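Right, one structure below, let's go through it.
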Amino acid sequence: MTQHALYLDLEFCSGCHSCELACRNEHDFDPETNGIKVLEDRPIHYPDAPEGKWHWDFVAYPTEMCDLCEARVERGLMPACVQTCQAKVLEYGTIEECAKKLAEKGKKAAIFLP
Amino acid sequence: MQEWKRQEGDETIFRTCAWSPPGCHPVGCGLQVHVKDGKVTKIEGDPDHPITRGSLCPRCLALKEYIYHPDRIIHPMKRAKEDRGQDKWEQCSWDEATDLVANAAKEITAKYGAETIAVFGGTGREANNWYPQWANLVFGTPNSVYAQAGWSCYGPRMTNTAFMMGGGYPEIDYAAKFPDRYDDPRFVAPEVILIWGKEPLRSNPDGLYGHAVIEMMRQFGTKIIVVDPRITWLGTRAEEILQVLPGTDTALAMAFIYVLAKEDLVDHDFIEKWTYGYDELVERVQEMPPSRAAEICGVPEEQIWRAARMYGKAKPSSVAWGLATDESTNGAQLGMCLVALMSITGFLDAPGGTTLGMGDDQGSVVRDGGSISADEKVDDATDSTLELALKNGIMTQETWYTKRIGVDKYPCVGQVLWTVQPDEFLKCLETNDPYQMHMAGFVSSNPVGTAIGAEPQRWWRALKRLDFNFAVDLFMNPTIMACCDVFLPVASTIEHDGMVVTHYGLNASFYGAQNKCVQVDECKSDVEIMLEVGKKTYPDFWNRFEDDEAYNNFHVFRSWLPWDELRDNVVTMSNEPYYKYKEGKLRPDGQVGFPTQTGRVELYSYAYANFDEDPLPYYEPAAYGPTTMPEMMKEKYPFVLTTGARRQEFFHSEHKQVPSLRQITPWPQVDLNPEDAAEYGIQEGDWVEVFSPYGCIRQMARVTPIIKKGVVHCMHGFWYPEEEGSEPNLFGNWKSNVNMLMPNSVNAKTGFGNTFKSMICGIRKADSLGGPNEPDHIVLEKSRQGEFTVQETWRPADSPVVDPVDYEKEMGVTK
Ligand code: SF4
Ligand code: SF4
Ligand code: SF4
C-alpha cells in the first residue's frame, strides 16, 4: 500500500490554528484533543542576522490521533486540515509526492508521517 | 460546482457565505454546513468558494460551539428597570418583548421627540447595515451611534477616499473580483505590497481575505513592506519591516513621498492627467526628508530610503492601509499620504495595484443629503435609508439636519457618515446638551464593554440613566446586563437568509448569499426583528413588507440580484473592470475621472479645506506622547501604549466564551520588551498592572522582542463571561479592559481619531488578575477629562468635558 504523508511549507504557516479546529470538527474531537497541533518557535533576532531579519516560525504537525483523514480521502476529498489551511501550506500526497515538493521548495519545509 | 443545498445520506449540506454574528467583517468566507434533524453536525470550508477555496479561520470553524453555547440567549427576555445591573431576567414572548420596545419608543417620541432615541451598532458586523435602519426607519431618529471615540474605525479612511478620489475604499488587488481569480488574463500580481498599520492575516479586514497576501507571495513572488510598531509574523516574511514609534507614521509616509519625488519614481503621465496638487504635495513633504522622519519615527534613515525606493520601483505596486490610519489624531493626514502613494505610482485601479469600487453603498451611507425632497415618490427602490425615512414621513428633514448630535461641531464626520459624532454624543448623554436623550437600542454593540467605548465607565453611567434600553444580541454582555430592559435574541449568519458584500459594497469583490441552514430556538434575524418592531412603530411603511425576504429584496439586495438567484449562485463575482476612472464608472454623472471637485485625485484636497483642515498632509505629534508630555512621562507614565492588534480567534470583545477559541489565548496579554520587563522584575506569565492617567487594568506579561523598548502593547476586548455578571463586576469588565486607559474627546480637528494607537502608561508587577479590580474592591477612576485639560492646551478650540463622576458614590462601587 502506498503510504501517504502531510507536506508543510513552514516558511508560510501563519500559525492561525485553523487546521487544529478543522481536524476536531472532522473527527468530533473535544477541545483537548488534537489530530494536528500548531507549535510556535517564538520571535528572536539572532545576533548574526541582518538588521530587521527575524526568526519566528509556526509548525503544524499531526499527532498520533491523525488518521490522515482516511474516510474523507476515500470519498475523494482532501483531508480536513489541508482543505481548511488558510495559507494553503498544508498538502497531502504520497511520500514520494511530498518528497518532491520538499526538494523543490529547498528550504523551510517538512514532511510528516503521523 | 455543488448546489447551494444538497443531500448526502441523512445530512443536508448547505453552501453559504458568512458574515455576522458571530463577529466578523464582510469577508463572506465559504462554509459548508452539515445539518441533520435540524441541527448542525459539522462546519467545514467550501472548496467551491472562489476566494477562500475551502479555507476558514478558527471563528467560523467554532460556529457549532458558538450557536449551541449553553450561555446563548435563545428566548426574548425582559427585566424591570429597577433591576438593571442585576441578573434578574425573565423570559417573555416575542410579542411582549417587541411591544415593550415599540411602546417605549412611541411614548418617548410623543413626549420628547424621536431624536431622543439612539441606536448603537458595532464595528464590522452585519449590524452596520441595520443600526441606521433601526434608527431612521424603525424609530425616526437621526441618532445612530458608533460609539468608538473619534469614530476610529473605517470611517476616517472612507472619508479620505470620498474626499480625495471616490471609489469607495481602495483595496489591494488579489484578483478578488474575477471568477477565475489569478487565472484571469486581466490580472497581474502586485510586485510589492505596502502594508501599513495592518495585520491582514489576523483581521481579514472589511472583506480582504488576508491570507491572499501569502498566496501571492508564494505563487507570484510578491514582496511586502510592513509598517508597524510591532514585528508581526507577516513582518518577518517582509523585505522590510519599519518598526515605527506608535503615532508617528504620518511622518514616515511623508518621507516616502519625499523619496519618490526626489528620485523620480512616479508616473508623470498619470499625475498630469489624473491628479491635482502634486507640486504642492511635493513642496509640503520637503519639510519631512527621511533624516527627519527617522528621528521622529525611530526608524533608521537608510531603511526609509531603501523601503521607499523599493516601493517606488515596483511595477505594479499596491497599498493596504489599516485601522491604525483611523485611530490617531494625525490619521487623516496619514490617509492623505497613503492615497497619494497609491496614486502617484500610476497603479490606482490598475492590475496588481490598488483597486477601487463602484461605490455602491447598500443604502446605508448618506448620499448628498441636499437633493432630498420629502415630496418625491414614496417607494423609489434606489433610495438610501435616509431618503426612505424622509419620503415616508418617518423622519423630517428638520430632525435630520438639526438634531443629529455632534455633526454641527464636526461637520466633516457628518458629511460622509450617517451617524452622530460619538465623543460629542457621550457628552450629550452626560450633560443633556443640546437636549436630553431618553432611550437606546444596542444592535450588536457593547459600548460599556471592552471593544469600542473609551472610558467605558462613563458610557456605563450615562446609558444607565436613560428611560428605556433594549439590545439585539446573542450573549449577555456588560452593556446589556448593566443597562437594558429587553433582550431580543438574534440569529447568527447560518440562521438567516441575507447577503454579504465585501467592504459593505463600497469595493465589492463578490456578492455572497448567507443561506439559512438551521433555526436555533426562538432566535430571529435582524431584519425579522426590525420588521416586528417597525410594524408597531411605523406600520404604514413596514406593513408593506410581508416578511424579511420582501424587505431584503426591497432595501438590501435591491441593486443586485433577486434573492433566489443570489442564493442559487452562493457567490456572484462582481467582475468590476480595472481603470474605472477611464470609463466613467466612478462618477455619478458617468463622466471620466474621479468624483471630486476637480474630477481628479485631489492630492491637494479641497474637501478637507472646506472643513477648515489643511488641504495637504502634515505631521502632528500624538496628544499623549514623548513630544507633548515629556514631564508626565518622566514622572509617572514612562511608556508609550498601543493597542488593538488582532487575534484571529477573537473578534474584538466576542468569542471569549467559546472553549476552543478561548484556549488559544486564555488571558489578555501585554507585550513587554525583555529589557523593560527585566527592569520591572516582570517575567513571562506574570500579571502586570498597566495604568494611564485614566485608569488601571491588569493583563498577563508576554515578554517579547517584537515590541520596542519603551513601548507596551495591550490586547483589547478582554472580559470574563465566566465571572459574576451582576454589577459592579459585570463579567470582570473593568479588570483587563484597555479602553479604561483611553480618553474620549481627544479628536482631530475633523472630529476623527483618538489615542487608541498612542497613549502613555506606566507598568508594575501584580500578584494576580484580582487586586484593585476585584469584584468587591473595584476602583473606577473618575473621568479625568476635566482635570487633564489636554484638549485645552493641545487643541484649544475644543472644550474639555466637565461632569466628573464619583463612581464610588453614584454607581455603588465599593472600595
Ligand atoms: S489529516 Fe485529517 S486527521 Fe490528520 S491532522 Fe489533518 S484533519 Fe486531522
Ligand atoms: S491552517 Fe495552515 S497556516 Fe494555519 S496554522 Fe495550520 S498549517 Fe499553519
Ligand atoms: S474571516 Fe473567519 S469569521 Fe470571518 S467569515 Fe471568514 S472564517 Fe468566518
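The values are calculated or read from the model by the stated rules, or taken from the named source; none is laboratory data. Predicted, not measured: the structure shown is a model, and the values here were computed from it. Here the Cβ positions follow ideal geometry from the backbone for every residue, glycine too, while neighbour counts run over all protein chains shown. All accessible areas refer to the heavy atoms of the entire protein, side chains included, with ligands and DNA or RNA removed. Shrake-Rupley method; radii C 1.70, N 1.55, O 1.52, S 1.80 Å.
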For chain A, what does the helix formula give at 222 nm: sum of -39500 (n - 2.57) over DSSP H segments with n ≥ 4, over the residue count, nearest 500 deg cm²/dmol? -7000 deg cm²/dmol
Can you give the average number of partner chain beta-carbon atoms within 10 Å of each beta-carbon in peptide B:52-59, as a whole number? 6
Using Cα atoms only, what is the angle between the long axis of helix A:18-27 and the major principal axis of chain A, expressed in degrees (0 to 90) to the nearest 10? 20
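What is the percent carbon and sulfur in the accessible area of segment A:4-112, measuring with a 1.4 Å probe over the protein chains and ignoring ligands? Walk me through the numbers before you get to the answer.
Details: 2830 of 5150 Å².
That share works out to 55 percent.
Find the Cα radius of gyration of segment B:170-356, compare it with 2.2 N^0.38 Å by division, and give the number to two decimals. Write down the numbers at each step before the final one.
On the way: Rg = 15.4 Å, N = 187, 2.2 N^0.38 = 16.1 Å.
Segment B:170-356 yields a ratio of 0.96.
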Size of the dipole of the protein assembly as shown about the Cα centre, Lys and Arg at +1 and Asp and Glu at -1 on the beta carbon, nothing else charged, in debye to 20? 960
Per-residue Cβ counts within 10 Å, from other chains only, averaged over A:82-94: what number is that? 5
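Sort B:705-717, B:728-740, B:267-279, B:607-619 by packing, meaning the average of other beta carbons within 10 Å per residue, with the highest value first. Let's see the in-between values first.
On the way: B:705-717: 21.8, B:728-740: 26.7, B:267-279: 17.3, B:607-619: 18.8.
The densest-packed peptide leads the list: B:728-740, B:705-717, B:607-619, B:267-279.
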Enter the buried accessible area of the B/A pair, total of both sides, probe 1.4 Å, in Å² rounded to the nearest 100. 3200
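Report, as an integer, the average count of C-beta atoms from other chains found within 10 Å of each Cβ along A:10-20. Before the final figure, lay out the partial values.
Numbers: counts 0, 4, 7, 2, 10, 5, 13, 11, 11, 2, 5.
Neighbouring Cβ atoms belonging to other protein chains average 6 per residue here.
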Backbone N under 19 Å from the B:E684 label point (7 Å along Cα→Cβ), restricted to segment A:38-56: A:38-47, A:54-56
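Could you give the size of the charge dipole of segment B:170-356 about its Cα centre, using +1 on the Cβ of each K and R and -1 on the Cβ of each D and E, expressed in debye and rounded to the nearest 20? It would help to have the intermediate numbers written out before the result.
Working: 17 positive and 28 negative charges, 96 e Å.
With only Lys, Arg, Asp and Glu charged at Cβ, the dipole is about 460 debye.
Which of the three applies to segment A:4-112, rounded, prolate or oblate, going by the alpha-carbon gyration tensor with a ≥ b ≥ c and a/c under 1.5 meaning rounded?
Details: a/c = 2.73, a/b = 1.53, b/c = 1.78.
Because a/c hits 1.5 or more and a/b fails to exceed b/c, segment A:4-112 counts as oblate.
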Compute the separation of the alpha-carbon centres of segment B:168-246 and segment B:565-639 and state it in Å as a whole number. 19
Sparse-neighbourhood loop hits (trypsin sites (Lys or Arg not before Pro), segment A:72-114; DSSP loop; Cβ within 10 Å at most 15 others) -> A:R75, A:K107, A:K108
Given B:L208, B:Y174, B:G197, which one lies farthest toward the positive end of the charge dipole of segment B:157-211, if we put +1 on the Cβ of every Lys and Arg and -1 on the Cβ of every Asp and Glu? B:G197
antiparallel share of DSSP beta bridges within the protein assembly as shown, to nearest 5, in %, is 60
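Add -39500 (n - 2.57) for each DSSP H run of 4 or more in chain B, then divide by its residues: what number comes out at 222 nm, to the nearest 500 deg cm²/dmol? Intermediate results must be reported in sequence, preceding the final value.
On the way: 30 runs with 227 residues, N = 815.
One gets -7500 deg cm²/dmol as the mean residue ellipticity at 222 nm.
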Can you return the lysines within cross-link range of B:K735? Criterion is Cα-Cα under 17 Å, with same-chain partners fewer than 8 residues away left out. B:K656, B:K765, B:K782, B:K815
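Given charges of +1 on the Cβ of Lys and Arg and -1 on the Cβ of Asp and Glu, with all other atoms neutral, how large is the dipole of chain B about its Cα centre, in debye to the nearest 20? It would help to have the intermediate numbers written out before the result.
On the way: 79 positive and 116 negative charges, 215 e Å.
Dipole about the Cα centre, nearest 20: 1040 debye.
Taking a threshold of 32 Å on the Cα-Cα distance, which of the pairs B:K516/B:K536; A:K88/B:K64; B:K409/B:K636; A:K37/B:K42; B:K464/B:K535; B:K88/B:K111 fall above it? Present the calculation step by step, with values, prior to reporting the outcome.
Working: B:K516/B:K536 26 Å; A:K88/B:K64 24 Å; B:K409/B:K636 34 Å; A:K37/B:K42 20 Å; B:K464/B:K535 27 Å; B:K88/B:K111 29 Å.
Cα-Cα > 32 Å for B:K409/B:K636; rest within.
Classify the protein assembly as shown as rounded, prolate or oblate, taking a ≥ b ≥ c as the square roots of the eigenvalues of its Cα gyration tensor: rounded when a/c is under 1.5, otherwise prolate if a/b is larger than b/c and oblate if not. Each step should come with its number before you reach the end.
Details: a/c = 1.18, a/b = 1.08, b/c = 1.09.
It comes out rounded by the Cα gyration axes.
Under DSSP H, which helices of chain B have Cα atoms covering 15 Å or more of the helix axis and a Kyte-Doolittle average no less than 1.0? Provide the component values of the computation, followed by the final result.
Values: long enough: B:94-112 (26 Å, -0.39); B:249-262 (19 Å, 1.34); B:301-313 (18 Å, -1.23); B:331-343 (18 Å, 1.57); B:526-537 (16 Å, -0.07).
The qualifying helices are B:249-262, B:331-343.
Check each of the trypsin sites (Lys or Arg not before Pro) in segment B:528-634 and keep only those in coil by DSSP with at most 16 other C-beta atoms within 10 angstrom; list them in order. Each step should come with its number before you reach the end.
On the way: sites: B:K535, B:K536, B:R544, B:R558, B:R567, B:K580, B:K582, B:K585, B:R600, B:K634; in loops: B:R544, B:R558, B:K585, B:R600.
Within segment B:528-634, the qualifying trypsin sites (Lys or Arg not before Pro) (loop, at most 16 other Cβ atoms within 10 Å) are B:R544, B:R558.
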Using a 1.4 angstrom probe on protein heavy atoms only, which residues from segment A:40-77 are buried by at least 10 Å² of accessible area when all chains are present rather than their own chain alone? A:R42, A:P43, A:E51, A:G52, A:K53, A:W54, A:W56, A:F58, A:R72, A:R75
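Ranked from highest to lowest mean number of other Cβ atoms within 10 Å per residue, what is the order of the peptides A:49-57, B:234-242, B:742-750, B:283-291? Walk me through the numbers on the way to the answer.
Numbers: A:49-57: 14.1, B:234-242: 22.2, B:742-750: 24.7, B:283-291: 17.9.
Put in order of decreasing packing, that is B:742-750, B:234-242, B:283-291, A:49-57.
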Using a Förster distance of 25 angstrom, determine the FRET efficiency expected from the C-beta separation of A:A49 and B:K636, and round it to 0.05. 0.10
Could you list the trypsin sites (Lys or Arg not before Pro) in segment B:1-106 that lie in coil according to DSSP, counting only those with at most 15 other Cβ atoms within 10 Å of their Cβ? B:K88
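Keeping all protein chains in place, calculate the accessible area per residue for the protein assembly as shown (probe 1.4 angstrom), answer in Å². Please list the in-between numbers first.
Values: 30470 Å² over 929 residues.
Value returned for the protein assembly as shown: 33 Å² of accessible area per residue.
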Cα gyration tensor shape for segment B:432-488, rounded if a/c is under 1.5, else prolate or oblate: oblate
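Counting only protein heavy atoms and a 1.4 Å probe, tell me what percentage of segment B:207-293's accessible area is made up of carbon and sulfur.
Working: 1110 of 2700 Å².
After summing per-atom areas, the C and S share lands at 41 percent.
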